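Student: This structure is in structure tokens; I'll ask about it shortly.
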Amino acid sequence: MNARVSVLAVMIVAMAASQARAHEKGVITLASGMAAAGSTLQVMGEKFSSSTQLRLVLRGALSEREIGSAETDAAGGFVIELEIPAGVEPGAYRLVAVAPDGDEVASADLEVEAAPAVVPESAGAGAQEQAAGAEPAASAMPIPSAEELAIERRWSGFEWFVIGVLVGGATVAGMFLYRRPAFAT
Amino acid sequence: MNDHPHGHSEAEPTGNEGSGFWSSRLGLDALKYPIPIDSTTLGYSLGAATFVCFVILVLTGFWLAQFYNPNPSAAHDSVVYIITRAPFGDIARNLHYWAASVMVVTIVAHIGWVFYRRAYRAPREITWYAGVALAGLVFLIVVTGTVLRYDQEGFEALAHFLAGGELTGQLGRFFTDGFTISTPTLARIFSLHTSLLPLGIVALIGLHFWLVKELGISGASPRSVMFSNHLPRIAGLGLFLFVLVAVLAILAPEGLGHRPVAGYEITKPFWPVLWIYALESVFGMWALVWSPLVVFLFFAVVPLIDRGSPQRTTLVALRTLGAALLVVLLALVLWAGLSPPQQHLGM
């Protein structure tokens, strides 16, 4: 019995150790914590496994998109200029570095701002300078709405099961408890 | 031995001999005290109903806080995430919303019942004031909660919240953007809603329960029962209340508005606050400050007016005033709910 327990413990430790040695956790540092959609941002990485291809994923509360990649050098580091796609919605995100096996190995917070207003080059230098400090064009102004968002709600089977058990159980237990006499007979 | 203020007769035997193990280790004997038999009716159970709603709010609120992001640029998205992707997120949010709504109803009913029974009279004045303070904290927690959704309605609620702080000068500085630049106001409101206000409520509930136990319930019947025997009925009532909240949550899930656009007032607030909204429409922004004060001032003077042996006319006037206040508040809620949204900020 003791021998079996010892073998099992060694196996568990070996599995955990093998998992730990799969790849190193690193650090990514951004030149700035804020970037406009459509701009480029310098990203520096260090302490990763050497010569490893990392995917860089921009992860928000509602969306996730891969926006670049980086290959680490012999020291496990990299420096790249990463383009933030123009279509990214303004908001708070995490830039996540993902190893080839799918594990997240580093992340950094990034706030994405709206892309600045664009003035055609043919408008001349004066117009462009004016546009830099001007109010956004009328078509770019957000329109307020008092309506509710059209949100698709989908409760999983497990969620329905749990709420069903809670409601059913509460009903039965409530009837049992409420009908007990208030004093001993 | 009976040291109960009402001098009730000895209660029936409990028949709970089998629970000695837990009773001795958890001090459950403290629950074996006599209460008037008429206090086992629904009217006297409204306080317990309010407490059950609070427990539902704490449990669901804890879960929601795991997914909510109080950063203004992420708050709205995090609420959409809660509704669409967080495990049990939509369920928890709907339970939270309906428990809050039901809790406001039970609080108003509980205050009304205590007022009608004149249970604020000596020696229960402190119990009454603890209850009034509880109602005040619940009012604040409702207001802060509506801000957190951070859709157009939530943003306008925040604007009113900040406007109220600005109107009260240095007294209201804590409730303004100018209090600090180190963190957004939404994050501070989140902290209020999830930490300071619930802690204050728990402390006052403890005081309130302690005083109710020590001073007794002001029932009229000379017959009594043990509170420990009444507890299962209260628990059953609480479970029925949970079922009600759950059914409402399933049948009428709470929605979410669009991302907010600053500078507009096109929505109306959460229904318990509509009476203030209605008064703002008539009297301007200052109604945001004085209208809650008027209501709580009325609650504060009630035990001072009705004490000793007041004249019948005084009693009739007080009860009429209380009833009129309730009717007026309900009428204001109804009127504001049926009227179109109005511009208040800057009035």
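Student: Please report the net charge: other residues with Cβ closer than 14 Å to the Cβ of residue B:48, K and R +1, D and E -1.
Tutor: +2
Student: Can you tell me which of B:164-175, B:275-286 comes out highest on packing, and rank the rest after it, using the mean Cβ neighbours within 10 Å?
Tutor: B:275-286, B:164-175
Student: Moving on to the next point. Suppose R0 equals 51 Å. What FRET efficiency, 1/(1 + (r/R0)^6) with r the Cβ-Cβ distance, do residue B:168 and residue A:5 give to the nearest 0.05?
Tutor: The value I calculate is 0.15.
Student: Continuing with the same structure: Say we join alpha carbon atoms closer than 10 Å with springs in a Gaussian network model of chain B; which of B:34, B:303, B:184 then has the biggest fluctuation?
Tutor: Most flexible of the set in this elastic network: B:184.
Student: Right, here's the next one. For the protein assembly as shown, with only Lys/Arg (+1) and Asp/Glu (-1) charged at the beta-carbon, what is the dipole magnitude about the Cα centre, in debye rounded to 20?
Tutor: 2620
Student: Please name whichever of B:146, B:75, B:247 sits farthest to the positive end of the charge dipole of chain B, dipole taken about the Cα centre and charges placed at Cβ: Lys and Arg +1, Asp and Glu -1.
Tutor: It is B:247, whose Cα lies furthest towards the positive end.
Student: Where does each of A:74-81, B:224-231 land if you order them by average Cβ count within 10 Å, highest first?
Tutor: B:224-231, A:74-81
Student: Note down the magnitude of the dipole of chain B about its Cα centre, charges +1 on Lys and Arg C-beta and -1 on Asp and Glu C-beta and zero elsewhere, to the nearest 20 debye.
Tutor: 420
Student: Using a 10 Å cut-off on Cβ to Cβ distances, tally the other chain neighbours for every residue of B:264-271 and report the average as a whole number.
Tutor: Mean inter-chain Cβ contacts per residue within 10 Å come to 2.
Student: Report the calculated FRET efficiency for residue A:101 and residue B:321 (r = Cβ-Cβ distance, R0 = 51 Å), to the nearest 0.05.
Tutor: 0.10
Student: If you don't mind, another one. What nm value, rounded to one decimal, do you get for the distance between residue A:81 and residue A:156 when each label is placed 7 Å out toward the C-beta?
Tutor: 4.4
Student: Using alpha carbon centroids, what distance separates segment B:125-178 and segment B:294-347, in Å?
Tutor: 20
Student: Quick one: if the Förster radius is 51 Å, what FRET efficiency do residue A:66 and residue B:182 give, using the C-beta to C-beta distance and rounding to 0.05?
Tutor: It comes out at approximately 0.90.
Student: Does the protein assembly as shown come out rounded, prolate or oblate by the C-alpha gyration tensor, with a ≥ b ≥ c the root eigenvalues, rounded set by a/c under 1.5 and, if not, prolate when a/b is larger than b/c and oblate if not?
Tutor: oblate
Student: Follow-up question, since we're still on this one. Is it possible to state the helix-based mean residue ellipticity at 222 nm for the protein assembly as shown, with each DSSP H run of 4+ residues giving -39500 (n - 2.57), the sum divided by total residues, to the nearest 500 deg cm²/dmol? What is it?
Tutor: Calculated from helices alone, the mean residue ellipticity at 222 nm is -16500 deg cm²/dmol.
Student: Rounded if a/c is under 1.5, else prolate if a/b beats b/c, else oblate: with a ≥ b ≥ c from the C-alpha gyration tensor eigenvalues square-rooted, which is segment B:208-336?
Tutor: Judged from the Cα gyration tensor, segment B:208-336 comes out oblate (a/c at least 1.5, b/c at or above a/b).
Student: Can you pull the mean other chain C-beta count within 10 Å for peptide A:92-104?
Tutor: Other-chain Cβ atoms within 10 Å of each residue's Cβ, averaged: 1.
Student: How crowded by other chains is A:84-91, given as the mean number of beta carbons from other chains within 10 Å of each beta carbon?
Tutor: What the average comes to for A:84-91 is 2.
Student: I'd like to know which of B:111, B:293, A:33 lies farthest towards the positive end of the charge dipole of the protein assembly as shown, counting +1 on Cβ of Lys and Arg and -1 on Cβ of Asp and Glu.
Tutor: Selected residue: B:111.
Student: Compare the peptides B:94-102, A:51-59 by average per-residue count of other Cβ atoms within 10 angstrom and give them in order, highest first.
Tutor: Highest-to-lowest ranking by the protection proxy: B:94-102, A:51-59.
Student: Which one of B:227, B:47, B:282 has its Cα pushed farthest toward the positive end of the charge dipole of the protein assembly as shown, where Lys and Arg give +1 and Asp and Glu give -1 at the Cβ?
Tutor: Checking the options against the dipole of the protein assembly as shown, the answer is B:227.
No value in this document is a laboratory result; all are computed from the given coordinates. The shown structure was predicted, so the numbers you read here are calculated from the model rather than taken from an experiment. Using ideal geometry, Cβ is built from the backbone for each residue, glycine included, and neighbour counts are taken over all protein chains shown.
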